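Asks: This structure is in structure tokens; I'll ask about it shortly.
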Amino acid sequence: MKRVLAFFLVCTCLLVSILPLSGCNIKKKVTEAATEKIVEKALGDKVDIDGDTVTIKGDEGEEMTIGGGEWPDSELAKKIPKFTKGTVVTAVTEADSMMVFLEKVEEGDFESYLEQIKKTYSQDPYESRTDEMVIYGGNDGDQITVALNFVSGEGALGITVTREAQ
């Protein structure tokens, strides 16, 4: 988690300083290459930036992908129903976990999705509701745990899926 936070901090600083250079495609590639090198030095891992998607590869073969405005296509993402009503802001995928953040999610669409999730992920359920937020967590009784966090006033939905280590 510290590495992800460090990555976001480094990228934010770089965006502020490099953004004016990103006007054309050649400048964009140069900016991506420079950013990759700086982030690699900060994290000590191999970094690949391709548009709005960043992939970080560790020394032991672990891989994390951050960004992209699309639903992930990982095996873990296929374990839950795809949420199609909102707009994917970003996704973070690793071998045994994924997070998807969406905006412009209507409350009724979230409630329908929550009912779908509850059908499969009903073991050890946890649900908390306030006027502004709904949190749900449960697992399939085997290896997969799902957590949903919906903020109704903002139309924001966070979906986290994890696979227990075997």
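The values are calculated or read from the model by the stated rules, or taken from the named source; none is laboratory data. The model shown is predicted, which means the values in this text are computed figures rather than measured ones. Here the Cβ is made from the backbone with ideal geometry for all residues, glycine too, and neighbour counts use every protein chain on show. We work out accessible area using only protein heavy atoms, side chains counted, and drop any ligands, DNA or RNA first. Shrake-Rupley method; radii C 1.70, N 1.55, O 1.52, S 1.80 Å.
Asks: Can you name every residue in the stretch 143-165 that is over 25 Å from LYS104 (Cα atoms) and open to solvent by 50 Å² or more (accessible area, probe 1.4 Å)?
Replies: Matches in the stretch 143-165: ARG163, GLU164, ALA165.
Asks: In the stretch 93-106, how many are closer than 10 Å to LEU157 by Cβ, of a type outside the set (Val, Ile, Thr) and not in a loop (DSSP other than H, G, I, E, B)?
Replies: Number satisfying all stated conditions: 3.
Yes/no matrix, rows are residues, columns are (1) open to solvent by less than 40 Å² (accessible area, probe 1.4 Å); (2) aliphatic (A, V, I, L, M); (3) more than 14 Å from THR160 (Cβ to Cβ); (4) in contact with a helix residue (DSSP H, G or I) (Cβ under 9 Å, 6 or more places away or on another chain):
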{"site": "LYS79", "(1), (2), (3), (4)": "no, no, no, yes"}
{"site": "THR87", "(1), (2), (3), (4)": "no, no, yes, no"}
{"site": "GLU111", "(1), (2), (3), (4)": "no, no, yes, no"}
{"site": "SER122", "(1), (2), (3), (4)": "no, no, yes, no"}
{"site": "GLU132", "(1), (2), (3), (4)": "no, no, yes, no"}
{"site": "GLY137", "(1), (2), (3), (4)": "yes, no, no, no"}
{"site": "GLY141", "(1), (2), (3), (4)": "no, no, yes, no"}
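Asks: Then there's this: Answer yes or no as to whether SER128 is open to solvent by less than 60 Å² (accessible area, probe 1.4 Å) and more than 19 Å from the chain's Cα centre (by Cα).
Replies: When the stated conditions are applied, SER128 passes them.
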